[in-house]
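The values are calculated or read from the model by the stated rules, or taken from the named source; none is laboratory data. Bear in mind that the values here come from a model prediction, so they are computed numbers and not experimental data. Cβ sites come from the backbone with ideal geometry, for glycine too, and all protein chains shown count toward neighbours.
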């Protein structure tokens, strides 16, 4: 994707966020990317679980570089804005999250999400102060491209609630 195309899809993605709600389906490979675009969706979001499962791995079991290659593959197969499910940013500390977010943005994504899931059973969620610092670091990492969207997903708490049922 050229830088002009990336600016265009990123601007479209930002406008979609400003205009209200929209559906964001999750392709897990090139085929589902093309299919969902053909169905008329206006944007897509990668799925870490879907991609991991398609490779016979657990959710969270895909290494960073393999995930970045997958995200780039989805971006290159679509003419739509793509939001990356970037798990917890592949780092605990804000500086590491920022460095990895820069790598993710380089794939051509219009936005990305960072989870609050630590991946550890004893402390499944990042402490609030650290969670905020991680998101601030992610946002600062895309500051040269301010149109990009960075969001935080709180998934661990929902999974914990489901396990209790």
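For region 81-95, indicate whether the set of residues that are part of a helix (DSSP H, G or I) and touching a strand residue (DSSP E or B) at 6+ places or on another chain (Cβ under 9 Å) is non-empty. No, there is no match, as no residue in region 81-95 is part of a helix (DSSP H, G or I) and touching a strand residue (DSSP E or B) at 6+ places or on another chain (Cβ under 9 Å).
Count of region 67-97 residues, restricted to those that are in contact with a helix residue (DSSP H, G or I) (Cβ under 9 Å, 6 or more places away or on another chain) and closer than 25 Å to residue 36 by Cα, is 19.
Determine if region 126-133 includes at least one residue that is modelled with pLDDT of 95 or more, over 13 Å from the mean Cα position of the chain (by Cα) and not in a helix (DSSP H, G or I). No.
So, residue 159, is that one more than 19 Å from residue 11 (Cα to Cα), modelled with pLDDT of 90 or more, over 13 Å from the mean Cα position of the chain (by Cα) and part of a helix (DSSP H, G or I) or not?
no
Set side by side, the residues 68, 36 differ, and just one is buried (at least 18 other Cβ atoms within 10 Å of the Cβ), modelled with pLDDT of 95 or more and under 27 Å from residue 136 (Cβ atoms), which is 68.
Being part of a loop (DSSP other than H, G, I, E, B) and free of Cβ contacts under 8 Å to residues at least 60 places away in the same chain is the filter here, so list the residues in region 32-45 that pass it. Once the filter is applied, which keeps residues that are part of a loop (DSSP other than H, G, I, E, B) and free of Cβ contacts under 8 Å to residues at least 60 places away in the same chain, region 32-45 yields 39, 40, 41, 42. Go through the residues of region 4-24 one by one and say whether even a single one is at pLDDT 90 or above, touching a helix residue (DSSP H, G or I) at 6+ places or on another chain (Cβ under 7 Å), surrounded by 15 or more Cβ atoms within 10 Å (Cβ to Cβ) and under 14 Å from residue 83 (Cβ atoms). Checked against the condition, which is being at pLDDT 90 or above, touching a helix residue (DSSP H, G or I) at 6+ places or on another chain (Cβ under 7 Å), surrounded by 15 or more Cβ atoms within 10 Å (Cβ to Cβ) and under 14 Å from residue 83 (Cβ atoms), region 4-24 yields no hits at all.
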